[in-house]
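*Asks:* Before we start, here is the structure in question, set down as structure tokens.
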Amino acid sequence: MTCNNCARHAQEALAAIPGVAGVTVRLEAGTATIRWQPSATPDENLVRQALRQAGFDGKPVVHAAGNSAPKTKPTAMNGWQVNVLLGSTVTVILMACEWGLGVGMQRWFHWLAFALALPVQLVCGARFYQGAWRQLKAGHSNMDTLVSLGSTVAFAYSVWGLVQGGTPHLFFLESAAIITLISIGHWIEARASAKVASALEAMLHLTPATARRLQNMTETEVPVATLQMGDSVVLKPGDRVPVDGTVAFGGSAVDESMLSGESLPIDKNRGDKLYAGTLNQSGRLVMRVTATGEATALARIITVVEHAQQSRAAIQRLGDRVSSVFVPVVILIALATAALWFWNAAGMHTVQQWASQFLWAAEPHGNIFAAAIMHAVGVLIIACPCAMGLATPVAIMAGTNAAARRGILIRDGQALEKSGHITAVLFDKTGTLTTGKVSVAAVQDLRAKDERTVPVETLAASLAQASTHPLSQAVARLLTSPALALNDWREIRGCGVQAVTAADPALTLRLGSLSWLAENGVELAPAQSFTDTWSQQGASLLGLARGNQLLGIIALSDTLKPAVGDVVRLLTIQGKKVFLVTGDHASTATAIAREAGIPATNVFAGVRPENKAQIVSHLQQQGERVAFVGDGINDAPALEHADLGIAVSRACDVARDAADIVLIKSDLHGIPEALDLAQATLRTIKQNLFWAFFYNAAAVPLAALGFFNPMVCAAAMGLSDIAVIGNALRLNRRHFLTPPKA
């Protein structure tokens with residue numbers, strides 16, 4: 001593969017193999033990683049056949065056990081270094097003789113130039129000739145086709161002139177310079193592409209190759225690939241965690257910055273989760289392995305980032321369509337240029353002289369045939385469509401890597417593209433805007449004193465202890481005595497829990513939202529004063545009822561995350577409308593929104609989880625492009641229904657989130673950062689596509705009219721690729737908005 005267009009063709013060919021779940025092609029390493037579906041059997045022959053049909057060849061990469069990915073580095077022979085070194089040496093010598101010493105017309109120099117240019121043509125040009133021939137056999141054409149044609153025509157014409165002996169100027173210098181300059185461009189491109197992929201490369205090398213397995217109180221160093229679920233692994237200060245697990249013994253501070261973006265170390269004690277690739281800093285830990293290989297959080301993140309880098313945005317289709325027909329069109333233009341200069345040289349000179357008034361003087365050629373050949377070669381070289389092929393993928397790669405370094409996982413290019421068009425952001429409350437660490441603030445028992453045989457706290461906690469909902473867990477912590485025996489316990493999603501007691505099986509005991517209790521005929525008036533007071537303070541309210549009788553009210557407080565106000569202000573500065581949706585009572589939701597800086601008119605209260613998707617649809621019908629922000633599990637329908645789903649989640653939840661964007665860390669600043677980065681990436685893609693089209697639209701006519709000689713054309717083609725890559729690399733240094741003072 002010689003360019004990103006080649007990589008794209010290879011990726012598409014491999015992805016079309018039946019049973020292939022995903023393909024990652026890495027141009028700079030010359031490798032492809034293929035992931036098969038669980039039901040499919042990997043078939044090396046199918047892979048080779050698909051590559052051959054696409055005009056390529058390949059062989060399996062064997063890498064050491066325990067490594068997360070093949071760490072292949074191009075050698076001097078299969079990289080561009082030989083082309084650069086040999087080609088540059090020959091080109092400099094020929095330039096010095098022809099331009100510096102002025103011996104370009106000497107017969108002896110013609111033979112010297114032939115002797116020097118021949119190895120460049122055979123050795124350095126071999127990569128282009130092989131690529132062009134393979135693509136030709138597959139019925140395709142690419143950049144190699146244009147470079148091979150241009151350089152060969154210049155060299156062949158010069159050989160013919162050398163044999164004839166009557167040509168005043170030969171083009172051995174140009175034929176060598178074409179291959180050399182384009183090779184230099186590819187060498188710089190490969191280095192820049194490797195830099196763009198730096199975040200992913202860092203992740204790929206985070207896990208160690210070996211680990212200290214603890215068996216029968218004896219530590220043994222073993223390859224990480226041999227670890228199994230349930231194994232015990234010893235971590236000393238300075239060790240990286242090899243796989244996912246939980247702390248079995250010990251305590252320490254663990255640096256999770258590379259995985260989550262959190263700058264401060266996190267204290268880990270018995271029962272806490274550990275993630276592969278994180279760094280144990282201070283203490284000795286013994287961990288129990290819970291996930292290995294592709295099941296670890298780090299592997300899932302790498303998969304997401306790789307998928308995003310290889311994905312295609314809709315805007316890329318334009319560049320793809322143009323690139324697919326561009327090479328044949330350029331060849332036709334080159335043939336037309338040669339024909340016009342050969343058969344109508346006077347007319348072309350007239351046009352050239354007229355254009356020189358506005359540009360610069362064109363370089364003259366000794367005879368008509370030489371002019372026709374060189375101008376056609378210039379068209380072939382300067383029109384290489386690499387910049388168009390690079391415009392979108394290099395920007396997506398840079399954007400997704402810049403996001404990954406900030407703890408933001410963007411699923412694919414389409415998610416990146418959708419992010420750039422968002423007009424409204426809809427937040428779920430619990431666990432998203434709030435910390436999710438709910439505690440009971442107040443309890444009111446509404447029963448008469450003679451009815452209080454069992455405390456309200458005991459009744460409510462007995463009902464709540466089997467539920468995993470954050471509000472239920474907070475109520476369950478009120479239990480200080482043995483729980484009551486309950487029958488027919490069940491949880492109604494988004495409403496509450498219910499059961500019956502053995503002492504009174506005729507009446508259902510319910511704990512849940514006040515609206516749910518009201519739907520079941522419970523009279524809420526006795527608690528009006530209590531609910532008004534705590535709703536104004538932003539507390540969530542749960543009611544406890546037996547049958548139609550309200551037994552008590554529980555107020556639970558959940559504080560906003562510290563960054564919420566800043567995030568809302570940043571989103572507003574970006575021109576986004578901010579909305580809040582919650583199952584809480586309207587007065588509670590309004591109080592939370594007021595504290596967060598969200599307008600009261602943008603609050604949807606008393607909404608059940610299954611109805612959140614309807615709120616998304618309601619906003620979409622009003623013309624908004626909606627991003628929904630939730631926890632990625634309970635809010636899956638809304639996340640999928642929104643134009644863009646953003647999940648506030650821990651790294652271990654990445655694989656099961658239904659979102660387009662996942663925030664590995666809980667810091668909500670990632671939301672405006674992700675949207676801002678997406679808009680910047682879209683602008684970069686459009687800029688790249690514009691300059692790529694503009695470059696070809698302007699350069700091809702100028703080359704056809706003789707204003708660029710083939711060497712300048714080769715340099716300009718390489719510079720266009722470098723300009724596109726450099727423009728994309730600016731995303732890595734992007735500075736984000738800082739929140740204004742409240």
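*Asks:* Quote the accessible area belonging to residue 491 in square angstrom, nearest 10, computed with a 1.4 Å probe and with ligands, DNA and RNA left uncounted.
*Replies:* 90 Å²
*Asks:* Return P(r) of the range 547-639 (all Cα-Cα pairs; 10 Å bins starting at 0; whole %; ordered from short to long distances).
*Replies:* Pairs per bin, as whole percents: 14, 42, 33, 8, 3, 0.
*Asks:* In percent, what relative contact order does the range 400-500 have, based on Cα pairs under 8 Å that are 6 or more apart in sequence?
*Replies:* Values: 79 pairs, mean separation 17.5, N = 101.
In percent, rounded to a whole number, it is 17.
*Asks:* Give me the extension gain from residue 573 to residue 123: residue separation times 0.36 nm, minus the current Cα-Cα distance, reported in nm with one decimal.
*Replies:* That works out to 156.3 nm of additional length.
*Asks:* For the range 506-580, with all protein chains present and a 1.4 Å probe, just round the carbon and sulfur fraction of the accessible area to a whole percent.
*Replies:* Values: 1480 of 2870 Å².
Carbon and sulfur atoms account for 51 percent of the accessible area of the range 506-580.
*Asks:* Estimate the FRET efficiency between residue 525 and residue 468 by the formula 1/(1 + (r/R0)^6), using the beta-carbon distance for r and 35 Å for R0, to the nearest 0.05.
*Replies:* Step by step, r from the Cβ atoms, then E = 0.65.
*Asks:* If 516, 343 are ordered by their accessible area, calculated over protein heavy atoms with a 1.4 Å probe, which sequence runs from highest to lowest?
*Replies:* These residues rank, largest area first, as 343, 516.
*Asks:* Greater than 18 Å separation of Cα atoms is the criterion. Which listed pairs, 577/686; 429/612; 429/577; 273/429; 418/577, meet it?
*Replies:* Going by Cα-Cα distance, 577/686; 273/429 fall outside the 18 Å limit.
*Asks:* Follow-up question, since we're still on this one. Spin-label point model (7 Å from Cα, Cβ direction): what's the residue 508 to residue 37 distance in nm?
*Replies:* 4.3 nm
*Asks:* Output ³J(HN,Hα) for the range 80-94: one whole-Hz value per residue in order, computed from phi by the Karplus curve 6.51 cos²θ - 1.76 cosθ + 1.60 with θ = phi - 60°, and x for Gly and Pro.
*Replies:* Karplus-based 3J(HN,Hα) across the range 80-94 equals 9, 5, 4, 4, 5, 5, 5, x, 5, 4, 5, 5, 5, 4, 5 Hz.
*Asks:* Okay, next question. Take the Cβ-Cβ distance between residue 697 and residue 614 as r, set R0 to 45 Å, and report the resulting FRET efficiency rounded to the nearest 0.05. Don't skip to the end; give the middle numbers.
*Replies:* Values: r = 48 Å, r/R0 = 1.07.
Once rounded, the FRET efficiency stands at 0.40.
*Asks:* Next question, about the same structure. Computed over the Cα atoms, what is the radius of gyration of the range 432-571 divided by 2.2 N^0.38 Å, N being its residue count?
*Replies:* The reported ratio for this selection is 1.09.
*Asks:* Residues of the range 422-523: accessible area per residue at 1.4 Å, in Å²?
*Replies:* With the other protein chains kept in place, the range 422-523 gives 47 Å² per residue.
*Asks:* Report the Stokes-Einstein translational diffusion coefficient (µm² s⁻¹, integer) for the range 356-508, Rh taken as the Kirkwood radius over Cα pairs, at 10 °C with viscosity 1.306 mPa s. Working shown, then result.
*Replies:* On the way: Rh = 23.5 Å.
Translational diffusion coefficient: 68 µm²/s.
*Asks:* Same structure again: Taking the Cβ-Cβ separation of residue 107 and residue 421 as r and a Förster radius of 60 Å, what is the calculated FRET efficiency to the nearest 0.05? List each step's numbers first, then the result.
*Replies:* Details: r = 66 Å, r/R0 = 1.09.
Approximately 0.35, to the nearest 0.05.
The values are calculated or read from the model by the stated rules, or taken from the named source; none is laboratory data. Every value quoted in this text rests on a predicted model; they were computed, and no experiment measured them. Neighbour counts are summed over all protein chains in view; Cβ atoms, including those assigned to glycine, are modelled from backbone coordinates with ideal geometry. Just so you know, the surface numbers come from the protein's heavy atoms only, side chains and all, with ligands and any DNA or RNA stripped out. Shrake-Rupley method; radii C 1.70, N 1.55, O 1.52, S 1.80 Å.
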